[in-house]
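Colleague: Okay, here's the structure, questions in a sec.
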Amino acid sequence: MLVTLAVATWAAFRLSPWPSVLLIRWTFDRGAAETSAALQKHLPASVSERRGLAYDPRDPEALLDVYYPPKGQRGAQRPTTVVWMHGGGFVSGRRNDVANYLHVLAARGFVVVNVDYRIAPGATWPTPARQLNAALAYLQAHADELDIDATRIVLAGDSACAQIAAEVANLTTSPAHARRMGIVPAVKPTQLVGTLLFCGPYDAALVDWDSAFAGFMRTVLWSYFGEKDFMADPRVETFSVLHHVTPSFPPSFISAGNADPLEPHSRALAASLGAQGVKVDALFFPDDYVDALPHEYQFNLDNEAGQHAMDRSVAFLQGLGRGADPRH
């Protein structure tokens with residue numbers, strides 16, 4: 001009986017990503033709950049919100065929230081709109097996981113939109129990019145109703161959704177990449193004034209397939225592409241967005257912790273954008289930085305590095321300016 005169970009378990013993990021995905025979701029859900037609870041003490045009292053707005057009525061999971069800064073910080077013009085998608089390895093997470101952090105960001109003077117999307121294995125690449133593009137279309141169509149500035153949008157994301165935000169930024173500003181992905185951009189390149197990208201995977205070839213982290217990446221990319229041999233799938237080359245960026249990519253803030261196994265991806269994207277002449281504000285840390293900063297370090301506002309990342313993000317957003325193309 002035990003041998004049969006062991007064989008069945010082995011087969012389940014070999015034949016489908018689902019068993020491993022369920023373990024990842026359980027682990028990530030626990031971590032997200034702990035992170036959210038730790039941010040509770042930092043929550044501002046003066047941020048208002050609109051929750052559960054359907055950006056695609058055909059999809060019950062296509063919901064977003066909008067967080068508004070205190071009225072005293074809004075000024076005569078509407079603030080920059082930061083559109084953020086949560087991480088979760090493409091296979092887990094929900095918008096509530098990052099809600100507390102985004103409230104803190106909104107309190108620093110920005111309208112922040114928190115976008116939910118469908119996850120793998122139920123939804124495969126490039127579904128989340130299509131959904132983020134649909135969310136942009138909704139925000140543009142309802143800008144006055146929502147009291148947001150749809151002419152000044154910053155795409156933002158953490159972990160898996162840093163990659164998705166980078167994809168959508170690239171297809172918005174590069175007609176060739178839009179054709180490559182088969183997505184018609186919902187907004188004009190001039191409406192996209194920046195990106196905030198934390199801890200993302202931007203090139204499948206940069207994964208160390210001999211590392212302890214490789215098992216996780218095999219599971220999530222198998223799930224995301226629907227193919228166990230995903231590296232043989234030509235779509236993976238398009239997914240590896242750092243190979244396709246152009247000089248039209250918007251100014252970007254890019255960061256990752258020194259103990260993050262995805263940190264080489266962030267460094268490579270920053271270098272690739274810099275080589276294209278794109279303005280990049282990169283926040284990285286020495287290899288011997290203590291205490292070592294893990295994946296998603298920025299969500300910890302109880303330490304100096306997390307606070308610094310928030311301050312640098314805010315300074316980057318404030319520095320985008322109004323009235324001139326920030327690309328030049």
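The values are calculated or read from the model by the stated rules, or taken from the named source; none is laboratory data. All values reported here derive from a predicted model rather than from experimental measurement. When we count neighbours, we look across all protein chains shown, and the Cβ atoms used for this are built from the backbone with ideal geometry, even at glycine. Keep in mind that these areas ignore ligands, DNA and RNA; they rest on the heavy atoms of the full protein, side chains included. Shrake-Rupley method; radii C 1.70, N 1.55, O 1.52, S 1.80 Å.
Colleague: Residue by residue, what Karplus-based ³J(HN,Hα) values in Hz, rounded to whole numbers, does segment 203-208 have, using 6.51, -1.76 and 1.60 with θ = phi - 60° and x for Gly and Pro?
Modeller: The phi angles translate into 7, 4, 6, 7, 5, 7 Hz.
Colleague: So what's the net charge close to Ser255: Lys and Arg +1, Asp and Glu -1, counting the other residues with Cβ under 11 Å from its Cβ?
Modeller: -3
Colleague: For the chain, what is the mean residue ellipticity at 222 nm derived from helices alone (per DSSP H run of n ≥ 4: -39500 (n - 2.57); sum divided by total residues; nearest 500 deg cm²/dmol)?
Modeller: When only DSSP H runs of four or more count, the value is -12500 deg cm²/dmol.
Colleague: Taking amide hydrogens as modeled 1.01 Å from N in the peptide plane, which residues meet the under 5 Å criterion relative to Val111, leaving out close sequence neighbours?
Modeller: Thr80, Val82
Colleague: Please list, in order along segment 231-241, the HN-Hα scalar couplings obtained from phi with the Karplus expression 6.51 cos²θ - 1.76 cosθ + 1.60 (θ = phi - 60°), rounded to whole Hz, x for Gly and Pro.
Modeller: Whole-Hz 3J(HN,Hα) from phi for segment 231-241: 5, 8, 7, x, 5, 5, 5, 5, 4, 6, 5.
Colleague: At 0.36 nm per residue, minus the direct Cα-Cα distance, what do Tyr289 and Arg30 gain on full extension? Give it in nm, one decimal, please.
Modeller: Full extension from Tyr289 to Arg30 adds 90.6 nm.
Colleague: Next question, about the same structure. On the protein heavy atoms, probe 1.4 angstrom, tell me the percent of accessible surface of segment 117-174 carried by carbon and sulfur.
Modeller: For segment 117-174, the apolar C and S fraction of the accessible surface comes to 46 percent.
Colleague: Let me ask you something else. Putting +1 on Lys and Arg Cβ atoms and -1 on Asp and Glu Cβ atoms, find which of Pro264, Gln307, Tyr297 reaches farthest to the positive end of the dipole of segment 206-318.
Modeller: Farthest towards the positive pole: Pro264.
Colleague: Just name one of Gly321, Gln140, Phe28: the one whose Cα is farthest towards the positive end of the charge dipole of the chain (beta-carbon charges, Lys/Arg +1, Asp/Glu -1).
Modeller: Looking along the dipole axis, the top candidate is Gln140.
Colleague: Would you mind working out the magnitude of the charge dipole of segment 171-328 relative to its Cα centre, with +1 at each Lys and Arg C-beta and -1 at each Asp and Glu C-beta, to the nearest 20 Debye?
Modeller: 1000
Colleague: Taking θ = phi - 60°, what integer Hz values does the Karplus form 6.51 cos²θ - 1.76 cosθ + 1.60 yield along segment 253-260, in sequence order, with x for Gly and Pro?
Modeller: With the stated coefficients, segment 253-260 comes to 9, 10, 8, 7, x, 6, 9, 7 Hz.
Colleague: State to the nearest 20 debye the size of the charge dipole of the chain about its Cα centre, where the only charges are +1 on K and R beta carbons and -1 on D and E beta carbons.
Modeller: 880
Colleague: Under a cut-off of 19 Å between alpha-carbon atoms, report the aspartates and glutamates in cross-link reach of Lys188, not counting same-chain residues fewer than 8 places apart.
Modeller: List returned: Asp144, Asp149, Glu167, Asp325.
Colleague: Suppose all protein chains stay in the model; what accessible area per residue would a 1.4 Å probe give for segment 94-148, in Å²?
Modeller: 30
Colleague: Let me ask you something else. What residues have an amide H closer than 5 Å to that of Ala282, excluding those fewer than 5 places away on the same chain, when H is modeled at 1.01 Å from N in the peptide plane?
Modeller: Ile254
Colleague: Any idea what the dipole of segment 127-220 comes to, in debye rounded to 20, about its Cα centre with Lys/Arg Cβ at +1 and Asp/Glu Cβ at -1?
Modeller: Approximately 360 debye in magnitude.
Colleague: Please find, in a Gaussian network model of the chain (springs between Cα atoms separated by less than 10 Å), the residue of Asn300, Asn170, Asn114 whose mean-square fluctuation is greatest.
Modeller: Ranking Asn300, Asn170, Asn114 by mean-square fluctuation puts Asn300 first.
Colleague: Which one of Leu196, Met217, Ala232 is farthest out on the positive end of the charge dipole of segment 188-237, using unit charges on Cβ (Lys, Arg +1; Asp, Glu -1) and the Cα centre as origin?
Modeller: Of Leu196, Met217, Ala232, it is Leu196.
Colleague: Still on this structure: Over the Cα atoms of segment 130-208, compute the convex hull volume and normalise it per residue, giving Å³.
Modeller: 90
Colleague: Right, something else. With all protein chains present, how much of the accessible area of segment 200-305 (probe radius 1.4 Å) comes from carbon and sulfur, to the nearest whole percent?
Modeller: Carbon with sulfur: 53 percent of the solvent-accessible area.
Colleague: Mark the label point 7 Å from the Cα of Ala205 along Cα→Cβ and return the residues of segment 223-238 whose backbone N is within less than 14 Å of it.
Modeller: What the label zone holds, given the 14 Å backbone N cut-off, is 231-238.
Colleague: Next question, about the same structure. Convex hull over the Cα atoms of segment 201-328, averaged projected area in nm²?
Modeller: Orientation-averaged projected area of the Cα hull: 9.2 nm².
Colleague: Which value results for Rg/Rh of segment 81-137 when Rg is the Cα radius of gyration and Rh the Kirkwood radius based on the inverse mean 1/r?
Modeller: Ratio of gyration radius to Kirkwood radius: 1.00.
Colleague: Then there's this: Would you kindly compute the Cα radius of gyration of segment 64-166 and its largest Cα-Cα separation (Dmax), both in Å?
Modeller: 13.5, 45
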